[in-house]
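All remarks here apply to the structure that follows.
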């Protein structure tokens with residue numbers, strides 16, 4: 001069900017600029033090409049792009065309400081009041097909680113933390129939690145990575161005599177809470193120069209303001225490692241302040257966070273080179289920290305980073321990894337169920353979004369599945385877990401569709417929602433599910449342009465196979481840390497030959513060997529089932545990929561495939577075959593040679609029917625005809641092309657053996673439950689084709 005992706009090559013790239021950068025800076029050519037693709041033209045702009053100096057950080061007092069926040073927190077410290085840090089259960093919330101706890105405890109504060117139980121309490125501030133904290137003697141609540149939409153909850157805290165400082169980075173609604181201070185760079189009245197701090201970045205800024213400029217170097221060394229971890233994991237743009245914080249913090253990550261981070265990295269089997277890379281944080285470390293929050297025990301992650309005991313850190317790291325394995329198994333089950341529901345319940349041809357729910361889905365896991373489905377389908381996706389009279393869920397969007405704004409437009413159906421343009425959480429009454437789905441789909445169909453539903457892969461530049469030596473791939477590290485707004489470079493190589501195709505991970509991923517003349521490259525295509533791939537052994541392909549160093553059994557270059565398709569020549573042949581079929585079916589004139597070219601023989605008709613029957617799910621099949629033709633041709637050893645395959649389907653539809661349509665990209669097939677045998681030898685379509693082959 002994967003959607004074909006658009007390859008978008010950088011319009012900024014210039015080979016002459018790349019050569020100039022390499023000459024002026026002394027950088028190797030491969031990273032110089034990436035810089036050229038990202039708008040760098042000379043030494044000065046290269047140094048500016050690559051700068052990671054903490055000196056680029058802005059004055060924290062520029063943030064709105066920062067002076068009030070500092071005054072209130074210092075006042076509570078001087079009075080010895082009990083302070084509670086109210087955080088969130090993801091990596092950003094956990095790291096925010098930890099750095100605020102560490103700093104306030106270092107100042108002698110009577111300080112505790114509260115992370116809501118994702119399963120029983122849901123996201124954000126709750127009146128119940130506030131009441132509990134008040135009963136425990138709390139006088140001041142400081143939120144981190146949460147609170148910006150908690151109007152009623154803040155008012156309730158005030159009614160109990162509590163002061164409350166909100167620090168957050170999420171999108172603001174028209175009205176913000178009437179807290180004693182609200183520190184958020186996205187406030188409409190904010191003049192802060194950088195809007196894209198993570199929640200932990202805002203908390204870090206509060207600590208810097210509390211400590212004062214004279215202690216900046218000390219604060220940077222002590223708190224930038226956790227700030228870097230949360231910033232990278234929360235997929236914040238790694239530019240400006242975020243790039244400086246992430247680069248400096250990750251350098252100190254191992255030493256400063258021992259034993260917690262080192263214990264977790266060891267359990268993840270990360271070698272020293274990869275322990276502190278942004279990619280390892282995003283894809284290896286972060287999921288394990290998040291796993292605890294997904295199962296309602298985020299305190300395990302908090303304690304991992306607060307402990308100074310190596311033995312306790314080792315135990316906690318092991319528990320996080322065990323929870324992550326459980327999460328992976330549940331995620332796979334939910335994804336399979338969701339795909340089945342999509343096939344049964346959704347009209348992917350018409351609707352530009354997907355909204356699904358189920359009583360058995362785990363609320364803590366569906367966010368991961370939602371993200372992967374949105375990527376696979378190229379559409380906004382909302383998944384919800386029904387829990388009695390209430391449904392809670394997560395939404396993920398695509399570029400060009402503001403999901404937060406979409407929820408705002410349909411807020412009448414919702415009890416609670418919050419988040420970003422591309423990711424949201426929401427709660428609503430079960431009785432509103434159908435009405436919400438209808439309204440949301442109408443909104444998406446109206447506001448989302450069709451072209452936005454085509455996933456786009458940004459490509460830095462085309463390259464040559466000989467560019468990818470060990471030394472050149474290692475030199476790409478100068479561009480790190482990679483992340484949002486500074487992604488891992490993506491290159492294009494054309495006309496490679498597929499030497500080997502091997503399914504891995506229960507056929508959820510594919511391992512490849514790709515050849516360019518005498519050169520061979522190992523490649524991994526994550527999320528691609530070998531049986532559904534648009535290539536087979538022997539295919540000539542164009543590949544988009546990121547280059548990495550594989551440390552298994554030595555050191556070698558490995559490609560991480562982003563997308564792969566047949567070469568332009570092969571695609572042109574498919575397009576010609578399909579065009580002949582479309583011309584013929586619309587009553588146009590084709591030559592005798594063209595008619596012969598798309599006329600299937602009996603063996604080809606049988607092969608097509610057997611393939612469709614074997615690959616239909618619940619009687620339905622949706623796939624590009626050229627992909628199906630390639631697999632049949634390879635598996636059966638017959639000269640079937642895409643035009644012949646489409647003719648076969650049209651003939652089967654002629655005799656009511658199936659419903660068949662082709663939209664120019666994918667053919668849609670539906671076989672009836674009771675499919676009687678038919679004699680198709682009298683096909684009018686085949687007769688017209690034979691006449692065209694003889695008469696023209």
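The values are calculated or read from the model by the stated rules, or taken from the named source; none is laboratory data. Just so we're clear, the structure is a prediction, and the values are computed from it rather than from any experiment. FYI the Cβ positions are ideal-geometry reconstructions off the backbone, even for glycines, and counts take in every protein chain you see.
Numerical summary
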read-out	value
One residue from 37, 84 being over 29 Å from residue 251 (Cβ atoms) and either assigned by TED's automatic domain parsing to the domain that holds residue 212 or in contact with a strand residue (DSSP E or B) (Cβ under 7 Å, 6 or more places away or on another chain) (or both)	84
Residue within the range 565-580 that is in a loop (DSSP other than H, G, I, E, B) and more than 25 Å from residue 641 (Cβ to Cβ) present	no
Residue satisfying condition, being surrounded by 14 or more Cβ atoms within 10 Å (Cβ to Cβ) and farther than 27 Å from residue 487 by Cα, within set 578, 564, 549, 560	578
Selection status of residue 214, free of Cβ contacts under 8 Å to residues at least 60 places away in the same chain and assigned by TED's automatic domain parsing to the domain that holds residue 99	yes
Listing of helices (runs of 4 or more DSSP H) fully contained in the range 284-359 that carry 2 or more residues being surrounded by fewer than 17 Cβ atoms within 10 Å (Cβ to Cβ) and within 22 Å of the chain's Cα centre (by Cα)	310-345
Given (1) crowded, with 22+ Cβ neighbours inside 10 Å; (2) at pLDDT 95 or above; (3) closer than 23 Å to residue 236 by Cα, index of the condition residue 193 fails	(1)
Among (1) in contact with a strand residue (DSSP E or B) (Cβ under 8 Å, 6 or more places away or on another chain); (2) in a loop (DSSP other than H, G, I, E, B); (3) in contact (Cβ under 8 Å) with a residue 60 or more places away in the chain, the one test that residue 421 misses	(1)
Of all residues in the range 360-387 being in a helix (DSSP H, G or I) and within 13 Å of residue 342 (Cβ to Cβ), the one that is farthest from the chain's Cα centre (by Cα)	377
Long-range neighbours under 7 Å by Cβ, at least six apart or interchain, first residue on the phi > 0 side of the Ramachandran plot within the range 537-553, second surrounded by 13 or more Cβ atoms within 10 Å (Cβ to Cβ)	538/498
Number of the exception - residue 203 against (1) assigned to a helix (DSSP H, G or I); (2) assigned by TED's automatic domain parsing to the domain that holds residue 129; (3) at pLDDT below 95; (4) under 27 Å from the mean Cα position of the chain (by Cα)	(3)
Close pairs from the range 56-73: first farther than 15 Å from residue 197 by Cα, partner surrounded by fewer than 19 Cβ atoms within 10 Å (Cβ to Cβ), Cβ under 9 Å, at least 6 apart	65/187; 67/61; 70/61
